[in-house]
1. How many nm is it between the label spots at residue 147 and residue 309, if each spot is 7 Å from the Cα in line with the beta carbon?
2. Please give, to one decimal in nm, the separation of the simple spin-label points placed at residue 184 and residue 360, each 7 Å out from Cα toward the Cβ.
3. If the chain between residue 76 and residue 133 were fully stretched, how many nm would it gain, using 0.36 nm times the residue separation less the Cα-Cα distance?
4. Using a 7 Å offset from Cα along Cα-Cβ at residue 341, what residues in the range 310-333 end up with backbone N under 17 Å from the label point?
5. How would you classify the range 69-112 from its alpha-carbon gyration tensor, with a ≥ b ≥ c the square roots of the eigenvalues: rounded for a/c under 1.5, else prolate if a/b is greater than b/c, otherwise oblate?
6. By count of other Cβ within 10 Å, fewest leading, how are 153, 55 ordered?
7. Find how much the distance from residue 43 to residue 389 grows on full extension, using 0.36 nm per residue of separation minus their present alpha carbon separation; answer in nm with one decimal.
8. Computed over the Cα atoms of the range 306-407, what is the ratio Rg over Rh, Rh following Kirkwood?
């Protein structure tokens, strides 16, 4: 007779042993030298014998003979070796699951094909189950290590487990991998409420002396729980310069790290817990300027009325201060101060010249100075113009006294304003 049952392992301790032979002959099956059973070959030449009692775990060598109706016994068949294995393998050990994007321990990921590694019985088959459905298999290597990758998993929650099935078909108890949430959808790009502080004359020109900017948004400016990231591309590649978590209601406030003087193209993104990053939202190009302009030069102050044009005593209540080319930083704002209070402003021309006229000054002494303020709000040191005395009152009419008919004309005490010129 010929066996059709192949050699190999099985978890069935009473495995059916099948074969072919001469129809009507009697097959006698042996396990080693022990009789297992007999069967009559069917008309189609097939037969099958099942042990009447369970076989012990281990390797069993089966042989068979055929006896025809005349009592002739065939030679013994070629043997087959069947290994009985009814012991389940140990549950596999999980060493790692990757890739858990975003937070690497929260089991929320944008990776929809997870790779599980670990150890198990060499030669056994690792099967990954998603809520009971197989989603990946691999054979454990001779060293007991395995690495198995799942099929693509849909967005949502996936309770994962793995088992080890040996060559005999015995399956281990499952090992829980945990419930993984697949999220492949990027959040909506965040909206921006404000960026501060834009110092200087204009609050919207993105020229500032502030070296760290604060960006705010809300309500509903970004996905709750996502991370707002601020990037600076001034170096040619994006550099992370600030992060913050979006709070309930979609509010966020994020302050950048120190920004050096110069041009800074900035943008923000929102990254959810799975690691998906939104499209960028541009903040524009911000120019950081912390360097104060040089103190301005004074060319002239007019009009210094009276007999002395340099004594800073004048009847002119509006003084005009001028500077020639290169007297001040072009584009800056020049401000005239009267004892610390601004009394006039003008913008410096492209060639560095300027002309600024004060508002009306009251009679009295006025300590005047000028300062420059650039677009970022940096202010120069003051340049003193000196103490100017405004005098708009005419002197009293002098009183004349005759001098015994002589041509000399004189006045008694308090007859005229001291220091005035009598003509």
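Just so you know, all these numbers are worked out from the coordinates, no wet-lab data involved. The model shown is predicted, which means the values in this text are computed figures rather than measured ones. Backbone-built Cβ (ideal geometry, glycine too); neighbour counts: all protein chains shown.
1. 9.2 nm
2. Inter-label distance under the simple model: 7.8 nm.
3. Length gained, residue 76 through residue 133: 15.9 nm.
4. Hits in the range 310-333 for residue 341 at 17 Å: 317-319.
5. prolate
6. 55, 153
7. 110.7 nm
8. 1.23
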